[in-house]
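The values are calculated or read from the model by the stated rules, or taken from the named source; none is laboratory data. Because the structure is a prediction, the values reported are computed rather than measured. Every residue, glycine among them, receives a Cβ derived from its backbone with ideal geometry; neighbour counts consider all protein chains shown. For accessibility, only protein heavy atoms count, side chains too; no ligands or nucleic acids. Shrake-Rupley method; radii C 1.70, N 1.55, O 1.52, S 1.80 Å.
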Amino acid sequence: MGKDVIVACDFASAEQTFAFLDKFTGRKPFVKIGMELFYAEGPEIVREIKRRGHKIFLDLKLHDIPNTVKKAMAVLSRLDVDICNLHAGGTVAMMQAALEGLTREDGTRPLLIAVTQLTSTDQTSMENDLMIHAPIDEVVMHYAQNAKKAGLDGVVCSPLEAGKVHENCGAAFLTVTPGVRFADGDKGDQKRVMTPADAKAIGSDYIVVGRPITAAADPVAAYERCLREFVG
Ligand code: C5P
């Protein structure tokens, strides 16, 4: 898959989601569905968005014992999503089991990417709560390498980390990066942000963009601007 803009559909209901998606009468954006919408509406929301012709990144961040994750991934694979994810903290064995579960009888499977450390975790909380004492950027790179070792396709990371992830894990290892804002836009609660053009320059494979598109006065125009700046 080539570079693309993934729109984070952080809505609370199917009604709000479809009111938003109905605006896109031309190109159908690649969409991200997170826990809130999935838990509210169940797997039918995934099937309906697929029927409407969108690609889907199902952002459920699985983390459990390998056998449970394997079986859960088999269910997600049958939903025909394009990308799904898990926590690299679940260990290499869990990631390998996830890949096995995702792989269909014909050998095809959705892409699988890992969350390294959440951006809400900082050095202090990692040391105090998780008792991990290495520098956080080393932990992030180690988890990315574990994901690669397990056979995953890439990681979710800050656009600021994308270059280093590619250096460590190879150019083909995907970097999917949230924290994107237009140069003249509102940062909201994101602290470390990059424009779509900068994310492109640094080598992000996919950018995940929520409010700069979903809260724009003209979401279709904002999406198209993102595509122009990121994909070219
Ligand atoms: O609205 P905004 O563009 O900030 O949305 C970014 C999306 O990416 C949200 O769905 C958010 O949960 C997700 N995300 C993030 N930072 C991470 C991981 C995921 O912003 N480190």
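Some notes on this structure:
- Counting only protein heavy atoms and using a 1.4 Å probe, the accessible area of residue 140 comes to about 10 Å².
- Amide hydrogen proximity for residue 62: with H placed 1.01 Å from N in the peptide plane, the residues at 5 or more positions away or on another chain lying under 5 Å are 85, 86, 87.
- Across the range 57-116, C-alpha contacts under 8 Å between residues 6 or more apart give a mean separation that, scaled by the residue count, equals a relative contact order of 43 percent.
- Residue list for the range 203-232, given a label point 7 angstrom along the Cα-to-Cβ vector of residue 40 and an amide N cut-off under 20 Å: 209-217, 219-220
- For the range 155-179 and the range 18-89, distance of Cα centres in Å: 21
- Kirkwood radius and radius of gyration were both taken over the C-alpha atoms of the range 86-232, and their ratio Rg/Rh is 1.01.
- The phi torsions of the range 65-71, fed into the Karplus equation with coefficients 6.51, -1.76 and 1.60 and a -60° offset, translate into couplings of 5, x, 5, 5, 5, 4, 5 Hz, rounded to whole numbers, with Gly and Pro shown as x.
- Choice from 150, 98, 12 showing the highest fluctuation, given a GNM over the chain with Cα pairs closer than 10 Å: 12
- Backbone phi angles across the range 179-187, fed through the Karplus curve with coefficients 6.51, -1.76 and 1.60 (θ = phi - 60°), yield HN-Hα couplings of x, 10, 9, 5, 4, 9, x, 7, 6 Hz in residue order; Gly and Pro are listed as x.
- Computed Rg/Rh of the range 127-196, alpha carbon atoms with Kirkwood Rh: 1.04
- Annotation: lysines with alpha-carbon distance below 19 angstrom to residue 28 (same-chain offsets under eight excluded): 3, 50, 55.
- Stretching the chain fully between residue 78 and residue 103 yields a gain of 8.0 nm (0.36 nm per residue, less the alpha carbon separation).
- Mean separation of Cα contacts under 8 Å, 6 or more apart, over the residue count of the chain: relative contact order %: 19
- In plain terms, the chain from residue 91 to residue 67 could stretch by 7.4 nm, reckoned as 0.36 nm per residue minus the Cα-Cα distance.
- Listed values for the range 19-33 are Karplus-derived 3J(HN,Hα) couplings in whole Hz (6.51 cos²θ - 1.76 cosθ + 1.60, θ = phi - 60°), namely 4, 6, 5, 4, 5, 8, 8, x, 4, 8, x, 5, 10, 9, 10, and x replaces Gly and Pro.
- Distances between placed amide hydrogens fall under 5 Å for residue 8 paired with 32, 209, 210, all partners being 5 or more residues away or on another chain.
- The length gained by stretching the chain between residue 27 and residue 13 to full extension, at 0.36 nm per residue less their Cα-Cα distance, is 2.8 nm.
- Distant-in-sequence amide contacts of residue 174, defined by a placed amide H-H separation under 5 Å and a gap of 5 or more residues or a different chain, comprise 154, 155.
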